[in-house]
Amino acid sequence: MRSPRQVRQVRQRRRREDYIGVYVIFNDITARDIQRWEMQSSNFIFSKSIDTFCPFSPWIVTADEIPNPYNLALELRVNGEKRQISNSSHMSVTIPQLIAKFSPTGFSAGDILTTGTVSGVTAFSKDPQVWHLKPGDEIEAEIEKIGVLCNQVVSWKDAHGVDAPEFVGF
């Protein structure tokens, strides 16, 4: 693994092992109601950036413990119901491709690079409203060889003691 200095302009043919130190589970939560408003301005920042929306792994697994990250079982459950079942072999881009694409912004030791999700996200289902998360829902994200990340959905009011603020568009 590279020294802890900042890394820029990585070529795609470099090995992921030169840059990846650990693997974790990252649950990409999105407020779809806010995202619909944001789609009007093509700016998807707030809907994915609310406090608690990016929980990641209770386990940190070093890269040497996962010599092949492209063959791991992936599963997402909500209240025990399987919502996404896949394998990392189905990723549309490789880790070196992601590193090369985003390295111009600069990486430092400890930075987190996420790979995206597998098929089965709510937004692309036949009736997305049925699948939207609700307060009290229990989410389990599991990746083979890494573990299970468990989170419970909490309403804004329960988390902050006040009603959610009005969304203000751009």
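Only one residue in 145, 134 is in a loop (DSSP other than H, G, I, E, B), closer than 25 Å to residue 71 by Cα and either within 16 Å of the chain's Cα centre (by Cα) or of a type in the set (D, E, K, R) (or both). Which one? It is 145.
Please go through the range 44-84 and pick out each residue that is surrounded by 14 or more Cβ atoms within 10 Å (Cβ to Cβ), hydrophobic (A, V, I, L, M, F, W, C) and more than 30 Å from residue 159 (Cβ to Cβ). The answer is 63, 66, 72. Checked against (1) touching a Leu at 6+ places or on another chain (Cβ under 8 Å); (2) in a strand (DSSP E or B); (3) not basic (Lys, Arg), residue 113 passes all but a single condition, namely (2). Checking each residue in the range 86-108 for being surrounded by 13 or more Cβ atoms within 10 Å (Cβ to Cβ), part of a loop (DSSP other than H, G, I, E, B) and modelled with pLDDT under 85 picks out only 94. Listed by first and then second residue, the pairs linking a residue in the range 40-59 that is under 19 Å from residue 25 (Cβ atoms) to a residue that is at pLDDT 75 or above and not in a loop (DSSP other than H, G, I, E, B), with Cβ atoms under 6 Å apart and 6 or more places separating them unless they lie on different chains, are 55/151; 56/26; 57/149; 59/147.
The values are calculated or read from the model by the stated rules, or taken from the named source; none is laboratory data. Bear in mind the structure is a predicted one, so any value in this text is a computation, not a measurement. Positions of Cβ are generated from backbone atoms using ideal geometry, with glycine treated the same way; all protein chains shown enter the neighbour counts.
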